[in-house]
1. Rounding to the nearest 20 debye, state how big the charge dipole of the chain is about its Cα centre with +1 on each Lys and Arg Cβ and -1 on each Asp and Glu Cβ.
2. How far, in nm, would the chain grow between Lys185 and Gln198 when pulled straight, counting 0.36 nm per residue and subtracting the alpha carbon separation?
3. Expressed as an acute angle from 0 to 90° and rounded to the nearest 10, what is the orientation of the C-alpha long axis of helix 130-139 relative to the principal long axis of the chain?
4. For the charge dipole of the stretch 42-85, defined by +1 on Lys and Arg C-beta atoms and -1 on Asp and Glu C-beta atoms about the Cα centroid, which residue among Ser67, Ala80, Phe54 has the Cα displaced farthest towards the positive pole?
5. Please list 3J(HN,Hα) in residue order for the stretch 170-186, calculated via the Karplus relation 6.51 cos²θ - 1.76 cosθ + 1.60 where θ = phi - 60°; whole Hz, with x for glycine and proline.
6. Rounded to the nearest 20 Debye, what is the dipole magnitude of the stretch 86-172 about its Cα centre when Lys and Arg each give +1 and Asp and Glu each give -1 at the C-beta?
7. Kindly identify the stretch 1-151 as rounded, prolate or oblate by the Cα gyration tensor criterion: order the square roots of the eigenvalues as a ≥ b ≥ c, call it rounded if a/c is under 1.5, otherwise compare a/b with b/c, prolate if a/b is larger, else oblate.
8. At what distance in nm do the modelled label points of Asn11 and Ser163 sit from each other, each positioned 7 Å from its Cα along Cα→Cβ?
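The values are calculated or read from the model by the stated rules, or taken from the named source; none is laboratory data. Note that the structure is predicted; figures quoted are calculated from it, not measured. No Cβ is skipped: glycine too gets one built from the backbone with ideal geometry, and neighbour counts run over all protein chains shown. Accessible surface is based on the protein model in full, side chains and every heavy atom, while ligands, DNA and RNA are left aside. Shrake-Rupley method; radii C 1.70, N 1.55, O 1.52, S 1.80 Å.
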Amino acid sequence: MCEELIKKLYNSVLEGDEEKSRKAAEEAVEKGIDPVFAIEHGLAAGLNEMGSKFERGEVFLPDLLLSADAMKAGMDILLAKVPKEMSQKAGVIVIGTVEGDIHDMGKSLVAALLSAAGFQVHDLGRDVKAMNFVKKAEEVNANIIAASALMSTTAPFIRDIISLLKDKQVRDKFKVIIGGGAVTKEFAELVGADGYGQNATEAVRLAKEAMGT
């Protein structure tokens, strides 16, 4: 039954069907399936597959956006079932897509999975200036700053976040993890980030490691 429901969630995202996603999510809740597992292996896996199809030119942007909406429809139901005692215990994260970059679907997926994993997540959205990352991190006493860049022209703005932290003499206060199609592990090392996540699941693992969990 678990495998069947996970497959339903996966397929609902591939089909871009919000109603199917909601129904599958509700069924998963009724059957007592772990909501985080359902998100990661059902909804997120489906969106990752659609992302791969898009990169290969097998589907188009409208298809991808429909899949993202379907994922959100199911995730809204599943996230509501994450045990309340998990909230705010894993750590506090400020996340956003860097200045000049309007892509935020992958970032939003990471934010949702981090929330499901028990992190208190402050999502700044897209096209976020370095100063705003740092200002928000200081305001909420964050443990981690997570920055995403999907364009090669915007990736250098990640360096600005780290430089600003150093200028304000608070670099040691925050772990900085990065991701997105425009960055690599080597880039992370070059700019002095604390870690690089290739996908949403990897980003959650990185965040947990940064918190020593």
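1. Approximately 660 debye in magnitude.
2. 3.8 nm
3. 80
4. Toward the positive end, the furthest listed residue is Ala80.
5. 10, 4, 6, 7, 10, 7, 10, 10, 10, x, x, x, 8, 10, 9, 4, 5
6. 160
7. oblate
8. The modelled label-to-label distance comes out at 5.2 nm.
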